[in-house]
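Scroll down for the structure; my scribbles are underneath it.
The values are calculated or read from the model by the stated rules, or taken from the named source; none is laboratory data. Here the structure is a predicted model, which means the values were calculated and not measured. FYI the Cβ positions are ideal-geometry reconstructions off the backbone, even for glycines, and counts take in every protein chain you see.
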Amino acid sequence: MYRHLLLLLLFYSLDFLAQDLPAYQIYDSKGKKVSFEKMATATNYSELVLFGEFHDNPIAHWLQLELTQKMYATHGANLQLGFEMFEQDQQMLLSAYLNGAIPEEKLKDTLRLWPNYPTDYAPLVEFAKANNLSCVASNIQRKYASLLFKKGRAALDTLPETIKQQMAPLAFAFDTTLSQYQGMKEMGAHMGPGMGWRMVESQAIKDATMAHFILHNPWRKPNTVHLHFNGAYHSDFHQGIMWYVQQEAPQLKILTITTVSQDDVKKLEKEHFGQADFIICVPSNMTSTH
């Protein structure tokens, strides 16, 4: 009896500690606490979900997999995954792996995989493979975004047509009034005259390219629901990728999710209000994946 009482007290203590150190809390855009289930249910009414992550945050990656499983249970084969982490020139090999045409070893040896691929993105790719879901390598090659930054948009005109087809049309719009771009301009202003905007434009071509391949890929059908994984900055405040999608498909139903960090996750700080439709708040000292 005494032993049973001690065990009961221990379980209560562990439960108290778990509540005292929450690993995350989800909020809506107005800072109200919501459950994962409510967030997952909200995606049922969307055609595009932009999941903004911290690339090295294990909580965000875990929730991405959980949400993928939930959305697959609802949408089945109509679900499509998209990745900032894969660049367009990698699409053929990624698709070959998903179709079983090449082994995992070749995927790892050939593609420019991010260092945290095994822990953070492989589970998503493997889920897609197991369930015959298409995956879109949506991003521009980093070296061409860098080329734009160094030499301007005109430098991209000299590229072969095969390369141009792996990025957004070069006449892509560029709204300098967006707050996210304004903030980036200020960060880059110290690099010299005009370099702040050049930095922003190199970011914009990534956003434009990801939006382009979300909308234009060979697997997208009328009933497709696209779940896209990207750094939070690319979709925060309904800008970035979402802005570009809306220029071409204003009727598309879009839901955004973002990740933020705070010392205390029990109350969302006001600076994060409106950052996305749903905001995953994680502790600022959370262990990183790389």
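Based on this model, can you work out whether L81 counts as aliphatic (A, V, I, L, M), at pLDDT 95 or above, touching a helix residue (DSSP H, G or I) at 6+ places or on another chain (Cβ under 6 Å) and under 22 Å from I279 (Cβ atoms)? When the stated conditions are applied, L81 passes them. For the stretch 78-101, the set of residues classified as among the aliphatic types (A, V, I, L, M), buried (at least 16 other Cβ atoms within 10 Å of the Cβ) and not in a helix (DSSP H, G or I) consists of L79, L81, M85, listed by residue number. Remark: pairs (first residue in the stretch 211-228, basic (K, R); second residue outside any loop (DSSP other than H, G, I, E, B); Cβ separation under 7 Å; 6+ apart in sequence or on different chains) = R220/Q80. Look at the stretch 252-263: where a residue is closer than 17 Å to R220 by Cβ and a partner is hydroxyl-bearing (S, T, Y), sitting 6+ places away or on another chain with Cβ atoms under 8 Å, you get K253/Y45; K253/S46; I254/S46.
Within the stretch 16-44, being exposed (fewer than 12 other Cβ atoms within 10 Å of the Cβ) and modelled with pLDDT of 95 or more holds for K30, K32, S35, E37.
Taken over the stretch 67-100, the criterion of being free of Cβ contacts under 8 Å to residues at least 24 places away in the same chain and under 16 Å from H226 (Cβ atoms) is satisfied by G76 alone. Just one residue in the set H75, H55 is crowded, with 21+ Cβ neighbours inside 10 Å, at pLDDT 95 or above and out of contact with any Cys (no Cβ under 8 Å at 6 or more places or on another chain); that residue is H55.
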